[in-house]
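Here is the structure we will look at.
None of the figures in this text is laboratory data; all of them are computed from the coordinates on show. Predicted, not measured: the structure shown is a model, and the values here were computed from it. No Cβ is skipped: glycine too gets one built from the backbone with ideal geometry, and neighbour counts run over all protein chains shown.
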Amino acid sequence: MRNVIIIGVVGVICFGLAAGASIFLNPYLQEKDKAKHDEAAADTGKEKEKEKELPPPLARGSDSGPRSRSGGATETELIVQERAKLREREEELRHQEQLVVSRRKHLDIIKEDIRGEREEIDKVRKELTEQVKGAEDDLAGAERRAKEIKEEKDQTEKLINDAKKRVYETDAVRSKGVKQVGGIFDTAEPAEVAAIFERMVESGDLTTAAQILANMKDRRAAQVLSAFQDKATAAELAEKMVGLKQATPPGAASPLGGRAPRAPADGK
């Protein structure tokens, strides 16, 4: 598309230059033709005057006189005609030479204009090349940044997965510890265990107390709840323990420690 525009611009410039040259040369060519015509008419008049000044031919007798005069006049006219033709040809050659020189000058002007347009086109092309290079550099930078962001995202996801894995491992360790503490509390005095649970609830660790209580034997857990001095705390702890058991599906990992018991099959 850009080459078509350039060719169109050069064509318009050439056409304008040719039209200007034609308008400029028309008066000059008309004056040259008029001068050529006047010069040819003057040469013809001079030739006629020279013919009048020539002396008459010598008489050689009655028979040869008229023939000699007629033959001399014919030769003179032929010479005059040939000289006139030579002048015309010289004028034509001179005129053609002038036209060639004029056209050469106009062609030189056109070449200069084309050279100027070419320099301007080269300048625009250079600017476009620099802009394209800049856009390519920006695109390459954006691609590098996108790659870096992707790498950062992958690294972040890896860290998150590692953190989740550690949390799961910590939960597993904690569940195991909760189960062991529940076994220990099964052998302790209910009143002592109840006092420990009351202090845990007061310190805001209701969930841990409920998990430990859930890992105790049911009869022992009931005795511990009965030994509570604050019955409201005992009721809150029992409700929390029931909620934890109901939130764990049969066979799945239990937040209370170990696995939740499976539902019995029909008839068993």
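Summary of computed values
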| read-out | value |
| --- | --- |
| Prolate/oblate/rounded call for region 188-247, Cα gyration tensor, a/c under 1.5 rounded | oblate |
| For Gly204, net neighbour charge (Lys/Arg +1, Asp/Glu -1) across residues whose Cβ lies under 13 Å away | -2 |
| Cα-Cα over 20 Å, subset of Lys126/Lys147; Lys179/Lys245; Lys133/Lys153; Lys179/Lys231 | Lys126/Lys147; Lys133/Lys153; Lys179/Lys231 |
| Net charge of neighbours whose Cβ lies under 13 Å from the Cβ of Ala146, counting Lys and Arg as +1 and Asp and Glu as -1 | -1 |
| Estimated vicinal HN-Hα couplings, Hz - region 209-216 in sequence order (Karplus 6.51, -1.76, 1.60; Gly, Pro = x) | 4, 5, 5, 5, 4, 5, 8, 8 |
| Sites Glu202 and Glu157 - FRET efficiency at Förster radius 41 Å, r taken between beta-carbons, to 0.05 | 0.50 |
| Charge tally in the Cβ shell below 13 Å around Asp186, where Lys, Arg are +1 and Asp, Glu are -1, Asp186 excluded | +1 |
| Extension gain (nm, one decimal) between Val101 and Ile7, 0.36 nm per residue minus Cα-Cα | 31.2 nm |
